[in-house]
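These notes are about the structure you will find just below.
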Ligand SMILES: NC(=O)c1ccc[n+]([C@@H]2O[C@H](COP(=O)([O-])OP(=O)(O)OC[C@H]3O[C@@H](n4cnc5c(N)ncnc54)[C@H](OP(=O)(O)O)[C@@H]3O)[C@@H](O)[C@H]2O)c1
């Protein structure tokens with residue numbers, strides 16, 4: 001359908017070396033988008049690139065550390081040279097440190113907030129001028145259900161994701177006049193390396209199933225539809241929103 005057509009669009013995707021980033025790269029490639037794939041590990045990124053290219057799109061890899069403003073700017077300059085434009089940004093690179101409030105070290109708090117919140121801010125801040133110059137763009141921030149609900153041991157992670165939900169709204173207001181949509185996706189637990197320890201713990205695995213109205217975890221490819229929707233013309237009048245892809249977790 002033309003409404004969901006993203007063929008020829010260029011997507012900058014952070015955290016594309018594994019997990020949800022890699023899964024979204026495949027969904028976007030199947031829908032025909034060209035990809036600027038970013039992460040720190042080039043070797044893993046090259047595997048994502050090869051899989052994406054098997055769907056007939058162009059994909060380049062860029063070493064980008066979202067903790068470094070210089071690294072972000074350098075890789076964005078390279079991709080503008082290579083592709084000539086960035087139509088869509090998917091801010092996805094993220095980490096977690098699970099500890100009770102009293103045991104979380106300051107450097108662990110900083111790592112989670114600097115990656116998950118400041119990293120999204122710096123990448124969006126560097127990409128936005130290119131979108132503003134063309135009076136069009138789509139920014140999709142990967143938040144989490146933990147941006148609106150909470151569990152123990154997630155003080156830094158939930159704080160960062162709540163920040164992403166709010167940051168999405170402010171960017172949406174500021175850039176609406178430039179025809180840039182800024183939205184977020186709030187996934188529940190999906191089976192990726194980030195949550196492997198919980199997946200392997202039978203009690204936590206069962207708790208998450210029982211806590212979810214649909215009774216199960218998400219599979220990474222189940223994010224494809226939402227990211228394509230938010231990247232496409234079909235969502236042109238939606239901005240500042242967070243869409244929860246959570247099997248119903250946030251209903252309760
Ligand atoms: N899996 C879930 O259940 C779940 C649920 C809700 C939300 N999310 C969110 O979804 C996003 C992806 O999570 P995931 O489960 O796919 O995690 P993952 O499998 O651990 O992948 C994380 C990605 O982020 C990249 N990354 C981490 N630190 C980085 C840095 N400093 N600079 C650049 N890239 C960095 C990693 O690449 P390198 O290590 O190669 O740099 C990797 O590609 C995160 O924002 C996460 O919070 C996940």
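Please give the length that would be gained between residue 74 and residue 125 if that part of the chain were fully extended, namely 0.36 nm times their separation in residues minus their C-alpha to C-alpha distance (nm, one decimal).
Numbers: separation 51, 0.36 × 51 = 18.36 nm, distance 1.36 nm.
My answer for the length gained is 17.0 nm.
I'd like the FRET efficiency for residue 170 and residue 106, computed as 1/(1 + (r/R0)^6) with the beta carbon distance as r and R0 of 25 Å, rounded to 0.05. Working shown, then result.
On the way: r = 26 Å, r/R0 = 1.05.
Taking R0 as 25 Å, the efficiency between residue 170 and residue 106 is 0.45.
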Note to self: Can you compute the modelled spin-label distance between residue 251 and residue 132, with each label point 7 Å from Cα toward Cβ, in nm?
What the structure shows: 4.2
Next item on the list: Give the angle, between 0 and 90 degrees and rounded to the nearest 10, that separates the Cα long axis of helix 155-175 from the longest principal axis of the Cα atoms of the chain.
Entry: 30
Check: Stretch residue 219-residue 113 to full length: gain in nm at 0.36 nm per residue minus the Cα-Cα span?
Finding: 35.6 nm
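How large is the translational diffusion coefficient of the chain in µm² per second when you combine the Kirkwood radius over alpha carbon pairs with Stokes-Einstein at 10 °C and 1.306 mPa s?
Working: Rh = 18.2 Å.
It comes out at roughly 87 µm²/s.
Counting only C-alpha contacts under 8 Å and six or more residues apart, can you give the relative contact order of region 2-247 as a whole percent? It would help to have the intermediate numbers written out before the result.
Details: 502 pairs, mean separation 52.4, N = 246.
Dividing the mean separation by the residue count of region 2-247 yields 21 percent.
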Check: Taking the simple approach of a point 7 Å from Cα along Cα-to-Cβ for both residue 41 and residue 205, what is their distance in nm?
Finding: 2.2
Notebook entry, point to check: Size of region 1-147 along its principal axes in angstrom, Cα-based, largest extent first?
Noted result: 51, 31, 30
Item checked: Residue among 206, 216, 46 with the largest mean-square fluctuation in a Gaussian network model of the chain, springs linking Cα atoms under 10 Å -> 206
Note to self: Using a Gaussian network model on the chain with a 10 Å cutoff between Cα atoms, which of 163, 218, 56 fluctuates the most?
What the structure shows: 56
Check: P(r) for region 67-111: what percent of alpha-carbon pairs falls in each 10 Å bin, starting at zero?
Finding: 20, 35, 22, 18, 6
Next item on the list: Please give, to one decimal in nm, the separation of the simple spin-label points placed at residue 151 and residue 5, each 7 Å out from Cα toward the Cβ.
Entry: 4.3
Notebook entry, point to check: Of the residues 29, 124, 234, which exhibits the maximal mean-square fluctuation in a Gaussian network model of the chain defined by a 10 Å Cα contact cut-off?
Noted result: 234
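Every number in this text was worked out from the coordinates using simple rules, so none of it is lab data. Small disclaimer: the values here were computed from a predicted structure and weren't measured. For neighbour counting, all protein chains shown are included, and Cβ atoms are generated from backbone atoms with ideal geometry for every residue, glycine included.
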